1. Does Gly377 count as open to solvent by 10 Å² or more (accessible area, probe 1.4 Å), touching a residue at least 12 places away in the same chain (Cβ under 8 Å) and of a type in the set (Gly, Ala, Ser)?
2. Sort out which residues of the range 37-67 are open to solvent by 40 Å² or more (accessible area, probe 1.4 Å) and not in a loop (DSSP other than H, G, I, E, B), and write them in order of number.
3. Within the range 338-347, take every residue that is open to solvent by 40 Å² or more (accessible area, probe 1.4 Å) and not acidic (Asp, Glu) and give me the one that is farthest from Ser420 (Cα to Cα).
4. Determine, yes or no, whether Lys293 is closer than 17 Å to Asp68 by Cβ and open to solvent by less than 50 Å² (accessible area, probe 1.4 Å).
5. Might you let me know whether the range 134-142 holds any residue that is among the charged types (D, E, K, R), out of contact with any Lys or Arg (no Cβ under 8 Å at 6 or more places or on another chain) and either open to solvent by 20 Å² or more (accessible area, probe 1.4 Å) or assigned to a strand (DSSP E or B) (or both)?
6. Would you check if there is a residue in the range 300-308 being touching a residue at least 40 places away in the same chain (Cβ under 8 Å), under 23 Å from Val185 (Cβ atoms) and open to solvent by 10 Å² or more (accessible area, probe 1.4 Å)?
7. Which of the residues spanning the range 9-23 are closer than 16 Å to Cys409 by Cα and open to solvent by 70 Å² or more (accessible area, probe 1.4 Å)?
Amino acid sequence: MKAYKDYTTEELKELETVLKIRYKEFQSRGLQLNMARGKPCSEQLDLSMGMMDVLSGDDDLLCEDGTDCRNYGVLDGIKEAKILIGDMMEVAPDNVIIYGNSSLNVMYDTISRSMTHGVMGSTPWCKLDKVRFLCPVPGYDRHFAITQYFGIEMINIPMSPEGPDMDLVEKLVSEDDSIKGIWCVPKYSNPQGYSYSDLTVRRFARLKPAAKDFRIYWDNAYSIHHLYDNDQDHLLEILAECKRAGNPDLVYKFASTSKISFPGSGIAAIATSHNNLEDIRKQLTIQTIGHDKVNQLRHVRYFGDIHGMVEHMRKHADILRPKFELVEQILEDELAGLEIGTWTKPRGGYFISFDALDGCAKAIVARCKNAGVMMTGAGATYPYGNDPHDSNIRIAPSYPPLADLETACRLFVLCVKLESVKKLLAEREA
C-alpha cells in the first residue's frame, strides 16, 4: 500500500469522503463495545470455577503446620501460600508476605507508609520539601494515579524494547536525592508488552541512588501470562540480582493472582529483603491481624503447586491468543505501509500499544467512542494524563468476544485512517 503522505491532496480528499461514509455506517449500528481495560473475559473467569468446590463445610481447614485458617493470626500468610506464590515470583517463601486480593492495594500501602513513616528509619516523605518518582512511559495509569494522589512529582522515562532508558535512570537516581522510586512493569509491560533485557535488570540492581530510601517498585504483574508455549519472554529475577550486586534492600517486588484466578478474589504479595520485610511488618501489625487465610488455602488446594498454575495459564493463553492475533492481523492488513501508525506485537501480558501520528490519539479515541467503542483514554499511559505527542493508545483485546473484538478493531483502524487523513490535509492547508 502507498503511504498516505505520498497521496496527492485531491486523493486525500477523495479518501476522506469515502472514510466518512464508512464511519457513519458504523455510527448507525448502535454499537456498545468496551476495550477500555484489561479485564479477563467470562470464559477466562470460568476456568477457575472449580476453586469454588475445593473447600466445603465438611472440609478440614487446617494447614500442614496446624494453623486453623478460620481464625485470627498468621500475619505473613500461610506457609503453603507463601511457597506457591514464592514459586510464581521466583523467590524464597521467607521473602514473601501474602496480602489480600489486590497488588495495587499493596503498592498504595507501600507508598502511603513511606509518606507517613519513611523507609527503614529515613525521614517520612511528607516532611520533605520535594518527593519525585521516575515513570517509564508509556506506562500503567494506575501506578501514576497513586503517586499523583500523594502529590509526588513524576518524571517521564522513555521506554524501548529493552526497558527504560537506563542511562537516564542511572543519571537521575545518582544525582537527585529527592527521587525516591521508579515504577516498573518488567515483563510484558503495560501497555507495550516489552520485557526488560538481562542487561537492563542488572543495571537496575546496580543502581547507586543518592537517596538511601530509594526503592524500585517492581510490579511483575504478568510473570506467567504468556500467549505461546514456546515463544516466551524470560526475565532475570531482580531480588537475586540485587543481592548479588550488594543492594539487597533496593527493590519491592509485587505480584498477584488477579488475572490467574479471580481478579476480585485473588491473592496478592510483596517479595523483598528481610530488612524491608521487618520494616513492613511494623505497619502490618497495626493494620491487620492477618489477611484472608481461607482464600489462601483455597488457591493452594486448587492449583496444588506452580506446575498446576502454569497449566492453568495455558488455558488462559488458548483464550487470549486468538484475540491478540486477530487484532495484530487487522492492524497489519489495514494499516501496514500507510505510515500512519505503529504497534507492538507482545508475546504475553494484556495489551497492545499503538502509536498514531502525533496529535491524533485523543481524536481517534473520541471518534471510536462516538461510534460506540470505549477505549482507554488517550494520555492515560502518561503521568498526569499528558502524552506530550498525543500519539499513544492502549488496546486491550481480552474482554470482548472475538466477533465484537473484530468489529471494534475495524472501527478503530477506520478512525485511525480518518484522523490521519484529516491531519495530513490540515498540514498541507497550513
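The values are calculated or read from the model by the stated rules, or taken from the named source; none is laboratory data. Keep in mind that this is a model prediction, so the values were computed, not measured. Here Cβ is always computed from backbone atoms with ideal geometry, including for glycine, and neighbour counts include all displayed protein chains. Surface areas here come from the heavy atoms of the whole protein model, side chains and all, with no ligands, DNA or RNA. Shrake-Rupley method; radii C 1.70, N 1.55, O 1.52, S 1.80 Å.
1. On the way: open to solvent by 10 Å² or more (accessible area, probe 1.4 Å): yes; touching a residue at least 12 places away in the same chain (Cβ under 8 Å): yes; of a type in the set (Gly, Ala, Ser): yes.
Against the criterion (open to solvent by 10 Å² or more (accessible area, probe 1.4 Å), touching a residue at least 12 places away in the same chain (Cβ under 8 Å) and of a type in the set (Gly, Ala, Ser)), Gly377 qualifies.
2. Matches in the range 37-67: Ser42, Glu43, Leu45, Asp46, Met49, Met52, Asp53, Leu62.
3. Of the range 338-347, the ones open to solvent by 40 Å² or more (accessible area, probe 1.4 Å) are 339, 342-343, 345, 347.
Filter once more, so that each one left must be not acidic (Asp, Glu): 342-343, 345, 347.
Working: Thr342: 13, Trp343: 15, Lys345: 22, Arg347: 28 Å.
Per the criteria, the residue is Arg347.
4. On the way: closer than 17 Å to Asp68 by Cβ: yes; open to solvent by less than 50 Å² (accessible area, probe 1.4 Å): yes.
Here the answer is yes, as Lys293 does meet what is asked.
5. Pass one, the range 134-142, residues among the charged types (D, E, K, R): 141-142.
Of the ones still in play, those that are also out of contact with any Lys or Arg (no Cβ under 8 Å at 6 or more places or on another chain) are 141-142.
Pick out the ones that are also either open to solvent by 20 Å² or more (accessible area, probe 1.4 Å) or assigned to a strand (DSSP E or B) (or both) and you get 141-142.
For the range 134-142, residues among the charged types (D, E, K, R), out of contact with any Lys or Arg (no Cβ under 8 Å at 6 or more places or on another chain) and either open to solvent by 20 Å² or more (accessible area, probe 1.4 Å) or assigned to a strand (DSSP E or B) (or both): present.
6. Taking the range 300-308 and keeping what is touching a residue at least 40 places away in the same chain (Cβ under 8 Å), we get 300-303, 305-306.
When the remaining residues are screened for being under 23 Å from Val185 (Cβ atoms), the result is 306.
Within this subset, residues satisfying the condition of being open to solvent by 10 Å² or more (accessible area, probe 1.4 Å) are 306.
Scanning the range 300-308 turns up at least one residue that is touching a residue at least 40 places away in the same chain (Cβ under 8 Å), under 23 Å from Val185 (Cβ atoms) and open to solvent by 10 Å² or more (accessible area, probe 1.4 Å).
7. Of the range 9-23, the ones closer than 16 Å to Cys409 by Cα are 19, 22-23.
Arg22 - this is the single residue of the range 9-23 that is closer than 16 Å to Cys409 by Cα and open to solvent by 70 Å² or more (accessible area, probe 1.4 Å).
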